[in-house]
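Encoded as structure tokens, the structure appears first; notes follow it.
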Amino acid sequence: MCDDHPSTVSRRAALGLLGTSLAAGLGACTVPGNPSAESPTAAPRTEGASPSASASATMSSTPSPTASAPAKKHFDPDFTLPPIQGGLAPVITKIPTKQPVVFLTIDDGQVKSPESVRLLSETGYPATLFLTSNTVRDNPAFFKAFMAQGSLVENHTVSHNVNMTTQWSYQRQLDDIVGMQDFALQQYGRKPTLFRPPGGAYSTAMRQAVAAAGLKAIITWEAKANAGRMDYQYGNSLRPGDIVLMHFRPEFAADFEAFRSAQVAAGLEVVLLEEFLGVV
Ligand SMILES: [Zn+2]
């Protein structure tokens, strides 16, 4: 549903680099028996979740979140999120950083497959989940399994109107954004800090509404995993600081593999966007 953003399609993606050992790439972020590699600032990110947030009741077939996930490196952020200025939330399309990091964002929430939980669990990748409450309302608890692995739920509106900036008044936009803030707090025990516009289109009024709703930034993207391949708006590979878009769709596994291949080929680590921005 977020595919109307213009992009330069490159099918070369990382396919030419798949010869790079995936195992080597994963091994690079594995530091067994070396607790010093864990940053003392890497506090648990699920402390805001309510005690009842355990997904075990509904996800009993899901493997243990930490069973096979490799240990993570910590990267000191070298980018500071611009503050709200003039009542307008900043818009971030890519993080300007020299750190070898990439950020995974997964949108909407339509397809709720145990396979998606398993893939993120096995890799240990944290993701920023831009959920739409009308899309996840049938089973919001499904996404708690991702939170248990270090992912966070963020705001992708209540109704996913891709024309909201042109069709709706400021107040109507604000209501649709605040509705998801309230839903997320109720379901997941945390108020989102980041906002993704449905379809990617934003306006001054939307930036104002996002700030008024208490959110810190609008997050768009310049790379996406789509239809089982990577699409880049610039170049033909992932760059440090790229924000990657994908969706909870039937082709989740193929999209995720396209992302992971590109990420490993580029020598980047997947880190949580909120952690890097200091908006956990
Ligand atoms: Zn969307």
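The values are calculated or read from the model by the stated rules, or taken from the named source; none is laboratory data. Please read all numbers here as calculations on a predicted model, not as lab measurements. With ideal geometry, Cβ positions are generated from the backbone for all residues, glycine too; neighbour counts draw on all protein chains shown.
Does R172 count as out of contact with any Lys or Arg (no Cβ under 6 Å at 6 or more places or on another chain) and either surrounded by 18 or more Cβ atoms within 10 Å (Cβ to Cβ) or in contact (Cβ under 8 Å) with a residue 40 or more places away in the chain (or both)?
no
Within the range 195-215, identify whether any single residue is part of a strand (DSSP E or B) and either more than 18 Å from P96 (Cβ to Cβ) or without any contact (Cβ under 8 Å) to a residue 40 or more places away in the chain (or both), and answer yes or no.
yes
Could you please find all residues in the range 90-146 being assigned to a loop (DSSP other than H, G, I, E, B), away from the ligand (no atom under 16 Å from the Cβ) and aliphatic (A, V, I, L, M)?
I95, the sole residue that qualifies.
Could you tell me whether D231 is outside any strand (DSSP E or B), within 16 Å of the ligand (Cβ to nearest atom), more than 23 Å from P90 (Cα to Cα) and at pLDDT 95 or above?
Spelling it out, it is not the case that D231 is outside any strand (DSSP E or B), within 16 Å of the ligand (Cβ to nearest atom), more than 23 Å from P90 (Cα to Cα) and at pLDDT 95 or above.
From (1) within 12 Å of the ligand (Cβ to nearest atom); (2) over 15 Å from the mean Cα position of the chain (by Cα), pick out the condition that doesn't hold for H156.
That leaves (2) as the condition not met.
Just to verify a result, which residue in the range 246-279, among those that are acidic (D, E) and either buried (at least 21 other Cβ atoms within 10 Å of the Cβ) or in a helix (DSSP H, G or I) (or both), is farthest from the chain's Cα centre (by Cα)?
So the residue we want is E257.
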